[in-house]
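Structure first, commentary second.
What follows is calculated from the coordinates using simple rules that are stated; it is not laboratory data. The structure displayed is predicted, hence computed values, not measured ones. As a convention, Cβ positions derive from the backbone with ideal geometry for all residues, glycine included, and neighbour counts pool all protein chains shown.
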Amino acid sequence: MSAAAGAAASSSRRTPVHVHPSFDSPRVLTLTISRPPVNAFNTALWRELRAAFHEVETLGREVRAIVLVSDVDRGFTAGLDRTCTLSFWRPPGPRD
């Protein structure tokens, strides 16, 4: 992993809980989603994914592909967590 990639992967304001970045191949960022038991997407997971994609922008041309993988055995994801609100789905504002 290059110094720029390592800095971007570890420079988030909060430590990711559900999304874990790694560079398993040059120019390929792997984002592992880990929200057992079924990787249901909630507001926190969406925010972590969004932050990871924003961090990729700081790497410039270094990242050519992003691969999303699951860390749970029951499949990639069950979809949207029915208990969360859709507040994360609003358009980005000036503070985002």
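Details
- Estimated FRET transfer efficiency (residue 80, residue 25; beta-carbon r; R0 35 Å; 0.05): 0.70
- Net charge, residue 35 excluded, C-beta distance under 12 Å - Lys, Arg +1, Asp, Glu -1: -2
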